[in-house]
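What follows is a short report on a single structure.
The numbers here are math on the coordinates, done by the rules we state, and not lab data. Because the structure is predicted, anything quoted here is derived from the model rather than measured. A quick note on method: Cβ atoms are made from the backbone with ideal geometry, for glycine too, and the neighbour counts reach across all protein chains shown.
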Amino acid sequence: MRHALKAEKLGVDAVSIDGFECAGHPGEDDVPGLVLIPAAAARLTIPMLASGGIADARGLVAALALGADGANMGTRFMCTAESPVADQVKQQIVANSELDTTLIFRTLHNTARVAANAVSAEVVAREAEGVEFSDIQHLVAGARGRKVFEDGDLDAGIWSAGQCQGLIDDVLTAAELVDRMMAEAESIITDRLAGMVAAAETVR
């Protein structure tokens, strides 16, 4: 929240709020989107996008219900036909569950969520020894991560993936993904949620 409020004060047009579920750097407070998004919606006056943990229509509808103006999806769009990453990465995201991520750099107070692999496991093990960043820098170098995305070598380096990979079951085109999400979101809102409201009115 403090970063979002500072950004608003500095004059940005909109902010993206990343819950702890997100890929990349979720911050050091470990606040999940279910809490962070409505907290931000209550205090910000500029548009806000919800990020982290969103991979389908259910997440989109939830984000809107929590007060977001839209949603950001990184891991989900990485797993589309147009995404330039290697097919091996996309297939690994489909195969992975929500448990297949690793938090690295915790001891350095610069936490990052990445896909679980041999390199991320080694980074965590080295951190447990109390090393400095310089001691693990060679493991997390960007050039190694690029080999993952370009060559499909899943253990070449670290690569970002959010917990929402557990919700991803297919590789679609971006258009197919958006069309499906919008259709399912409309169905959730007009059928499931409207039905709940109607049922509640009947009980009253």
Which whole-number percentage describes the relative contact order of the stretch 129-204, with Cα contacts under 8 Å and a sequence gap of 6 or more? 16 percent
Can you tell me the 0 to 90 degree angle between the C-alpha axis of helix 174-187 and the longest principal axis of the chain, rounded to 10? 40 degrees
Would you list which lysines come within 29 Å of K147, measuring only between C-alpha atoms, while excluding same-chain residues fewer than 8 positions from it? K90
Using only Cα atoms, tell me the angle between helix 118-127 and the longest principal axis of the chain; keep it within 0 to 90° and round to the nearest 10. 80 degrees
What residues have an amide H closer than 5 Å to that of T101, excluding those fewer than 5 places away on the same chain, when H is modeled at 1.01 Å from N in the peptide plane? A116
For A161, enumerate residues with amide H under 5 Å from its amide H, sequence gap 5+ or separate chain, H modeled in the peptide plane. G24, V114, A115
Three-way shape call for the stretch 54-174 based on the alpha-carbon gyration tensor, with the a/c threshold at 1.5: oblate
When only DSSP loop residues count, what trypsin sites (Lys or Arg not before Pro) in the stretch 68-118 have their Cβ near at most 12 other Cβ atoms within 10 Å? none
tail above 26 Å in the computed P(r) of the chain, as % of all Cα-Cα pairs, reads 42 percent
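So how do L5, L139, L99, L66 line up by other beta-carbon neighbours within 10 Å, fewest first?
Values: L5 13, L139 16, L99 9, L66 19.
With the sparsest Cβ surroundings first, the list reads L99, L5, L139, L66.
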Stokes-Einstein translational diffusion, the stretch 1-73 - Kirkwood Rh over all Cα pairs, 1.002 mPa s, 20 °C, in µm²/s: 179 µm²/s
Can you put M196, M1, M181 in order, fewest other beta carbons within 10 Å first? M196, M1, M181
Which one, A161, I93, N110, projects farthest toward the positive side of the charge dipole computed for the stretch 74-171 from Cβ point charges (K/R +1, D/E -1)? N110
Taking the simple approach of a point 7 Å from Cα along Cα-to-Cβ for both V94 and A41, what is their distance in nm? 3.3 nm
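Between D153 and T173, what is the FRET efficiency for a Förster distance of 22 Å, r being their Cβ-Cβ separation, to the nearest 0.05? Could you put the intermediate results ahead of the total?
Details: r = 25 Å, r/R0 = 1.16.
Calculated transfer efficiency: 0.30.
Counting alpha carbon pairs within less than 8 Å and at least 6 residues apart, what relative contact order, in whole percent, applies to the chain?
Numbers: 343 pairs, mean separation 48.1, N = 204.
Reported relative contact order: 24 percent.
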If you take every DSSP beta bridge whose two residues both sit in the chain, what share of them, in percent to the nearest 5, is antiparallel? 45 percent
Put a dot 7 Å past each Cα toward the Cβ at M196 and K6; how far apart are the dots in nm? 3.6 nm
Hey, what do the phi angles of the stretch 89-101 turn into as Karplus ³J(HN,Hα) couplings, whole Hz, using 6.51/-1.76/1.60 and θ = phi - 60°, x for Gly and Pro? 5, 4, 5, 5, 4, 4, 6, 6, 9, 5, 8, 8, 10
